[in-house]
Amino acid sequence: MYIPPHFAENRPQALFDIMTSHPLGTLVTQSTNGLEANHLPFEMDTCSVELGTLRAHVARANPIWQETTGDDDVLVIFRGLDAYVSPNWYPSKHDTHRQVPTIWNYQAVHVYGKIKFIEDVDCLHTIIERLTHTHGHKTQSTSLK
């Protein structure tokens, strides 16, 4: 992803904050069928290794765990806040009447790593309990109609 240097965010805590506030990530993998994208709620564990570990649960019915080899390279994309910036907001547009490029302000975090599948039942239960605890309170007051 191209990021102009003046827009780059390199502070780990700021990136963790975006991932924590917008935990639905897009897991991109290379499978036998080509690129695959799975949208999963993630939890960030910053205690396990220096830059942290992302954890998610994938249903047995999801073929990702059969089509992706453990330790394959993956990308997880988190989208934070975003907004359109109108050219009309630039004073130079009104002064010179020259068109200013359209801009979309956004937050996005790209996390690269290796995928690992966990088969240990106790560990899986712990992960599911943590995901439920982490995200459960966020959905109690939200409903889709």
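The values are calculated or read from the model by the stated rules, or taken from the named source; none is laboratory data. This is a predicted model, so every value here is computed, not measured. Neighbour counts are summed over all protein chains in view; Cβ atoms, including those assigned to glycine, are modelled from backbone coordinates with ideal geometry.
Values computed for the structure shown
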| item | result |
| --- | --- |
| Flag for Asp17 being over 10 Å from the mean Cα position of the chain (by Cα), part of a helix (DSSP H, G or I) and at pLDDT 90 or above | yes |
| Residue selected from region 39-50 under the condition out of contact with any Gly (no Cβ under 9 Å at 6 or more places or on another chain) and free of Cβ contacts under 8 Å to residues at least 60 places away in the same chain, by the criterion farthest from Thr126 (Cα to Cα) | Glu50 |
| Residues (surrounded by 16 or more Cβ atoms within 10 Å (Cβ to Cβ) and part of a loop (DSSP other than H, G, I, E, B)) located in region 32-55 | Phe42, Gly52 |
| Residues that are surrounded by 12 or more Cβ atoms within 10 Å (Cβ to Cβ) and assigned to a helix (DSSP H, G or I), drawn from region 108-127 | Leu124, Thr126, Ile127 |
| Residue in region 14-30 that is closer than 13 Å to Phe117 by Cβ and in contact (Cβ under 8 Å) with a residue 24 or more places away in the chain present | yes |
